[in-house]
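Enquirer: Would you mind keeping the following structure in view while I ask a few things?
The values are calculated or read from the model by the stated rules, or taken from the named source; none is laboratory data. In this text, all values refer to a predicted model and were calculated from it rather than measured experimentally. FYI the Cβ positions are ideal-geometry reconstructions off the backbone, even for glycines, and counts take in every protein chain you see. Just the protein is used for accessible areas: all its heavy atoms, side chains included, with ligands, DNA and RNA removed. Shrake-Rupley method; radii C 1.70, N 1.55, O 1.52, S 1.80 Å.
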Amino acid sequence: MDTPIINLKDVNMRFKMPGGNYFTALENINLFLDSGKIAALLGPSGCGKSTLLRIITGLLKPSSGKVYYKGKVQNGVNDKMAMVFQNFALFPWKTVKENIELGIKDADSIEEQEKIIEHIVDVVGLEGFEDVYPKELSGGMRQRVGIARALVSNPEVLCMDEPFSALDALTSENLREEVLDFWSEGTAGLSNILIVTHNITEAVYMADEIFILASNPGSIKFVFHNSLPFPRDQKSSEFLSTVDTIYNILTQNIMPDVPKTKIYEKIAPIPLVSVSEIIGLLEVLDDNKGRLELFELSDRIKRDFGKTISIALAAEMLGLVATPRHDVIFTALGKKFLDADVNERKLIFKDQILKIPIIKAVVELVTQSEDMVITREECEEFLADKLPNERPEDLFETIVNFTLYAEVLDYDSRDEELSLIIENV
């Protein structure tokens, strides 16, 4: 059996938070990837995909566990890998050519360097743009520069962190095709591609191996071996069936059909979404007869699949929607909320958020404090103690957003103090 090009054994990643608590971003990660394959790290926002990619490249050292490259323990940054980022990560004061030059690791002379750059510029379709600055380029062209800068280092593994998510659909599709061409032709010695994505269709279109991650903490829940032959037809029944299979795996791991009462028997985190996102979801449902399939809903509200699930879960936690199987549907309360005026909406929202244990606990913390006021630091320490695997800063922001809308708590951002609105509680 051939040695995997990448192999992770019992990898964990913990970050120390303010106050001394630890946040577990990744837990017990075990994976391997054979040479000559494309792999996708697929999962919702916040499940640790980007963190895992940085551990694989050596940009981050895991808290525990080992990363092996071609059978040898990897220590430090792996110079056989190159990274392409979502936000292009170009230097605005450098030209296209100067940005690409940054990726060159070995060139014996200026002449050789020029020859390498000329070849890569030709490969990625940047001829004539060598002396242009990034601000003068479209998003797709800027990402071509990012890809060229990665390929010019002759990587064996090209690592891509949601490289197409900031681009329009047509540009994304064209670049995916070109990246697949680079790989199939072995451009610059390229053997493997590892891509982080939240897009199921993208993962099925590009990857041989799909590692499906879940959150809290980030962990690999399923490895899907994609046997569809290249080139892949996105309209074929086999392709659509594979997308549906991955979709089912994701929803079963992230949003399983369990009695919802179990969620509320203990203090649990709340999805990190805003009131406006919940209302926006309800409005889209209302425009579609009160029911939409999750994947279609994600497209309608212009959010990635993981974020859409988070918004739906928050709305469900508030009793405004139900989520049978893969659908999101109005409840009677959800319809009543959407049809109500602003004041009645706030009253409904208030009644519902005070049923959520973590929000109720924060309100009680404020109520029991001197003068019914606590600092942000005190609240975040409380949240970190109750939910050590969550980021207290993000939880705090979400709770403030909910309680401000419901006129339960007030927040003074200047003094960073949270106080009770007495007339409403």
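Enquirer: Can you run phi through the Karplus equation (6.51, -1.76, 1.60; θ = phi - 60°) for the range 27-40 and list ³J(HN,Hα) in whole Hz, with x for Gly and Pro?
Expert: 9, 6, 8, 10, 7, 9, 9, 6, 4, x, 10, 9, 10, 10
Enquirer: Protein chains only, probe 1.4 Å: how do Lys336, Lys346, Lys302 rank by accessible area, largest first?
Expert: Descending order: Lys302, Lys336, Lys346.
Enquirer: With a ≥ b ≥ c the root eigenvalues of the C-alpha gyration tensor of the range 302-391, is it rounded (a/c under 1.5), prolate (a/b larger than b/c) or oblate? Intermediate values should be presented prior to the final figure.
Expert: Working: a/c = 2.77, a/b = 1.49, b/c = 1.86.
Judged from the Cα gyration tensor, the range 302-391 comes out oblate (a/c at least 1.5, b/c at or above a/b).
Enquirer: Carbon and sulfur atoms: what percent of the 1.4 Å accessible area of the range 67-173 do they account for?
Expert: In the range 67-173, the share of accessible area belonging to carbon and sulfur is 48 percent.
Enquirer: What shape does the range 1-66 have by the C-alpha gyration tensor, where a ≥ b ≥ c are the square roots of the eigenvalues, rounded means a/c under 1.5, and otherwise prolate means a/b greater than b/c and oblate the rest?
Expert: Note, shape of the range 1-66 comes out prolate.
Enquirer: With label points built 7 Å along Cα→Cβ from the Cα atoms of Leu347 and Lys105, find their separation and express it in nm.
Expert: Those two pseudo-labels are separated by 6.6 nm.
Enquirer: Oh, and also: Roughly how many Å² is the accessible area per residue of the range 311-425, as a whole number, for a 1.4 Å probe?
Expert: Ligands and nucleic acids excluded, the figure is 48 Å² per residue.
Enquirer: Hey, what do the phi angles of the range 72-83 turn into as Karplus ³J(HN,Hα) couplings, whole Hz, using 6.51/-1.76/1.60 and θ = phi - 60°, x for Gly and Pro?
Expert: 10, 4, 8, 10, x, 5, 8, 7, 8, 10, 9, 10
Enquirer: Relative to the longest principal Cα axis of the chain, at what angle does helix 110-124 sit, 0 to 90 degrees, rounded to 10?
Expert: Approximately 60 degrees, to the nearest 10.
Enquirer: Once phi is turned into θ = phi - 60°, what whole-Hz ³J(HN,Hα) does the Karplus curve with 6.51, -1.76 and 1.60 give for every residue of the range 181-186, x standing for Gly and Pro?
Expert: Listing the rounded values in order: 5, 4, 5, 5, 8, x Hz.
Enquirer: Summing -39500 (n - 2.57) over the DSSP H runs of n ≥ 4 in the chain and dividing by its residue number, what mean residue ellipticity at 222 nm do you reach, to the nearest 500 deg cm²/dmol?
Expert: Roughly -12500 deg cm²/dmol at 222 nm, from the helical runs in the chain.
Enquirer: With contacts defined as alpha carbon pairs under 8 Å and 6 or more residues apart, what's the relative contact order of the chain in percent?
Expert: Computed value for the chain: 15 percent relative contact order.
Enquirer: Something else now. Quick check on the range 69-193: take the gyration tensor over C-alpha atoms, sort the square-rooted eigenvalues as a ≥ b ≥ c, and tell me if it's rounded (a/c under 1.5), prolate or oblate.
Expert: Values: a/c = 1.58, a/b = 1.16, b/c = 1.36.
Because a/c hits 1.5 or more and a/b fails to exceed b/c, the range 69-193 counts as oblate.
Enquirer: Taking just the C-alpha trace of the chain, give me its Rg and Dmax in Å.
Expert: When restricted to the Cα atoms of the chain, Rg and Dmax are 24.1, 76 Å.
Enquirer: Nearest 10 degrees is fine. How inclined is helix 376-386 to the longest principal axis of the chain, computing both from alpha carbons?
Expert: It works out to around 80 degrees.
Enquirer: Something else now. Determine Rg/Rh for the range 328-372; Rg is computed over alpha-carbon atoms and Rh is the Kirkwood hydrodynamic estimate from the same atoms.
Expert: 1.14
Enquirer: How many Å² of accessible area per residue for the range 28-100, probe 1.4 Å?
Expert: Here the per-residue accessible area is 46 Å².
Enquirer: Could you tell me how many degrees, from 0 to 90 and to the nearest 10, lie between the Cα long axis of helix 357-367 and the main elongation axis, the longest principal axis, of the Cα atoms of the chain?
Expert: Helix 357-367 sits at roughly 60 degrees to that axis.
Enquirer: Right, next: So, with +1 on the Cβ of K and R and -1 on the Cβ of D and E, and no other charges, what is the size of the charge dipole of the chain about its Cα centre, to the nearest 20 debye?
Expert: 1200 debye
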